[in-house]
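Notes follow once the structure below has been shown.
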Amino acid sequence: MMYDQPPAITIIQAGEMKLSFECTSDGIVLLSFMDTALDCELMASQILPLFSIKMRNVETKEETHLTADTGWKSTSIEKGDNSFSLIWEMDKLDVRLHGKIDNANSSIYWNFEIENKDKDMSIWSAIFPQIGIADLSDDGCVFFPRGPGEVQKGLWDRDFRHQGVYPEPWTVMQFVSAYNRQTGLYIATHDPNASTKTISIESRTNEKSVVFTFEHPAENMGVGGNNFELSGHAVWQLLRGDWFDSAMIYKNWLKENARWYPKLGKNGRTDTPDWMKELCVWATTSGNAEQLVPKVKQFAEFLGVPVGFHWYNWHQIPFDNDYPHYFPVTDGFADGVQELQKSGVYVMPYINGRLWDTRDKGTEDYQFTSVALPSATKDENGEIYTESYGSVESDGSPVKFGVMCPTTELWQTKIRDICLRLIDEYKVNAVYIDQISAMSPRLCMDKTHGHPLGGGHWWVEGYWEMLQSIRDAIPKDRMLTSECNAEAYTKWLDGYLSWTWQYDGQVPAFPAVYAGAIQNFGRAYRGGETADIALKMKAGQQLVFGEQIGWIDPSIINQKENADFFRQVVRLRYKLREYFYAGEMLRPPSLTDNMPNVKADWQWAGEWWVTTDSVLTGAWKLEDSIVLIFVNVSDNDVISEVNFDLAKYGINVNTCELKSITADGESQADSSLITNETTFFAHQAVAWKIKAK
Ligand SMILES: [Zn+2]
């Protein structure tokens with residue numbers, strides 16, 4: 001291509017998606033992103049570079065930024081059959097974006113490669129995709145994967161920014177979407193390796209734009225002449241639907257491709273013990289056996305179903321101090337475990353799977369420097385990454401933990417040995433390994449560890465190896481869990497603690513994608529003046545989201561109204577439990593538009609108001625039967641119509657069989673319940689089990 005010719009426009013059509021690229025003398029620009037079915041421009045008027053690359057001089061550490069729109073020696077666009085390539089070249093750097101067109105789905109699957117022929121320069125990070133979406137008007141929504149997933153409205157008119165280093169609790173999956181009732185866009189990376197990447201959502205109110213950015217730290221960042229290749233594909237797809245449809249696009253890819261998606265049988269996970277899949281409720285508290293065993297037994301007796309118990313401070317070392325030296329245990333631990341198990345309680349002690357205290361025997365550096373240091377994560381200057389969590393040493397100074405590198409044999413062996421000792425010697429049913437699925441990968445640059453420096457997917461692979469070695473060594477009736485729900489560890493864990501699901505506007509996208517693949521358990525139940533209503537909202541939402549209920553202090557049973565509501569939800573879940581571990585989540589039913597709201601202070605980080613509908617809804621399918629679940633968490637009866645598309649599942653609403661199920665019993669009901677207005681009674685949880693006749 002000659003550079004002194006006038007700019008040429010190249011049109012790429014993928015089904016109803018039409019992209020217009022301008023190839024200028026020194027760059028390529030995406031000018032337009034149209035939904036041709038509606039003749040609607042989706043791209044914001046402020047044009048962003050298609051990609052950006054951060055380069056670093058190996059000697060001087062000076063940074064250079066390259067963008068797709070300018071500064072290139074030559075550019076070209078090649079069109080093939082159902083594919084095209086955008087090519088940028090300069091003396092020592094070539095960039096290629098290759099797009100595969102899927103007309104049926106109006107989507108493009110992108111490859112992104114950078115070839116770096118300059119030994120003096122290193123690719124530090126690369127951004128792609130990066131796209132600003134135009135104002136989708138009053139009903140415009142943005143979905144992003146914080147916690148269970150979250151939908152925000154009206155972002156084009158207010159300041160908003162969210163960013164996370166995937167995989168972590170606030171960026172649990174790799175897709176976002178922006179949509180209104182007619183059109184929208186699904187933007188994702190379908191990366192089967194769960195590589196480290198920063199996913200950002202940012203509103204730019206002046207430009208009436210919401211910008212989505214995926215930034216990838218490069219493998220071997222800082223090493224001259226490193227190349228970059230996007231792991232998997234970036235995906236742009238026209239969206240006809242909402243967050244649930246976005247989740248289904250992602251799930252369809254995930255099931256067949258992601259390395260962390262487990263094998264599922266007819267009854268869900270084949271490698272998770274049945275007791276864990278069937279479990280409906282969790283208690284958690286802290287202390288020695290004498291302090292807590294009687295309370296947890298009473299809790300289990302009150303509920304009358306099997307109970308999981310998450311045991312904190314079973315060890316003699318203080319919490320968040322002197323890790324990882326968890327032994328010896330506190331007095332009575334071994335007997336306490338057995339006594340609880342005899343009462344139908346499954347015991348799961350806490351450990352941390354990521355941290356080694358830099359002063360790991362009181363204020364003394366006992367083994368950190370002599371044993372742990374070589375296996376700790378380090379930055380490019382060789383400094384260890386450290387973290388503090390509010391705990392203090394006996395001299396009042398903060399406990400400073402080194403973050404351990406999961407690829408190292410020392411750390412893998414250390415955590416495995418702790419788990420095996422708890423399981424073999426103390427006969428616990430499970431071990432909770434804190435922080436694995438709760439913290440972003442650290443960009444470890446220690447060359448002696450043998451993994452690529454900085455970016456890539458070695459971090460999650462380190463944990464995969466560690467967890468696999470534990471799974472291989474424990475009896476089949478034991479299991480492992482971790483904190484939060486970063487997706488990349490699903491195959492090697494049996495449960496994710498969903499306690500961070502605390503946001504206004506959250507939707508069950510994670511359960512919609514991962515139902516059956518992992519059991520989610522536990523919200524943070526907290527205090528305050530609205531604690532009672534917050535408890536109902538959380539327990540009700542857990543039920544319809546398919547989570548195991550609770551993660552609550554066993555003393556809840558002493559609060560009559562809360563205890564009765566909690567027990568009702570747990571016992572209804574027990575009747576429906578198979579749907580959650582062996583079934584799939586369907587789009588939740590919607591109720592009438594004028595549904596009254598409830599709000600309460602959930603006390604997540606200080607005062608924390610969350611608003612939900614008074615009646616929370618869920619839909620789950622198991623073979624040919626569907627349950628619709630409704631929980632009225634408010635203090636008032638609510639009359640509403642239910643909108644749910646039974647015909648989509650081959651069920652005729654006029655002739656179907658309908659059973660109404662509550663914690664206390666089951667009754668045949670008339671299928672007109674679905675077509676007429678229904679009263680949802682205050683504080684009541686009910687399920688309708690529906691089958692074609
Ligand atoms: Zn490392």
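The values are calculated or read from the model by the stated rules, or taken from the named source; none is laboratory data. If you're wondering where the values come from, they're calculated on a predicted model, not measured in any experiment. With ideal geometry, Cβ positions are generated from the backbone for all residues, glycine too; neighbour counts draw on all protein chains shown. Ligands, DNA and RNA are stripped out before the accessible areas are found, and what is left, the full protein with its side chains, is counted by its heavy atoms. Shrake-Rupley method; radii C 1.70, N 1.55, O 1.52, S 1.80 Å.
The figures follow:
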quantity	calculated
Highest average packing first - 647-658, 345-356, 624-635, Cβ atoms within 10 Å	345-356, 624-635, 647-658
Cβ crowding within 10 Å averaged over residues, with 268-278, 147-157, 599-609 ranked highest first	147-157, 268-278, 599-609
Surface per residue (accessible, 1.4 Å probe) for the chain, Å²	38 Å²
Over 32 Å between alpha carbons, listed pairs 361/491; 61/491; 297/476; 342/538; 79/197; 400/599	361/491; 61/491; 400/599
Shape call, the stretch 586-691: gyration tensor on alpha carbons, a/c limit 1.5	prolate
Heavy-atom accessible surface of the chain: percent carbon and sulfur, 1.4 Å	45 percent
Packing-based ranking, highest mean first, of 492-500, 459-467 given that Cβ atoms within 10 Å are counted	492-500, 459-467
Approximate spin-label separation residue 180-residue 504, in nm, with each point projected 7 Å along Cα-to-Cβ	2.3 nm
Under 22 Å from residue 73, Cα to Cα: lysines that are on another chain or at least 8 residues apart	54, 92, 117, 119
Inter-label distance for residue 264 and residue 607, nm, one decimal - labels placed 7 Å from Cα along Cα-to-Cβ	4.2 nm
All aspartates and glutamates inside 16 Å of residue 295 as judged from Cα atoms, apart from same-chain residues fewer than 8 positions distant	335, 339, 553
Set of aspartates and glutamates with alpha-carbon distance to residue 575 below 20 Å, sequence-local pairs under 8 removed	274, 278, 301, 547, 564, 584, 623, 624, 657, 664, 666
Relative contact order [Cα under 8 Å, 6+ residues apart], the stretch 586-691, whole percent	29 percent
Kirkwood Rh, angstrom, the chain [1 / mean 1/r, Cα pairs]	27.0 Å
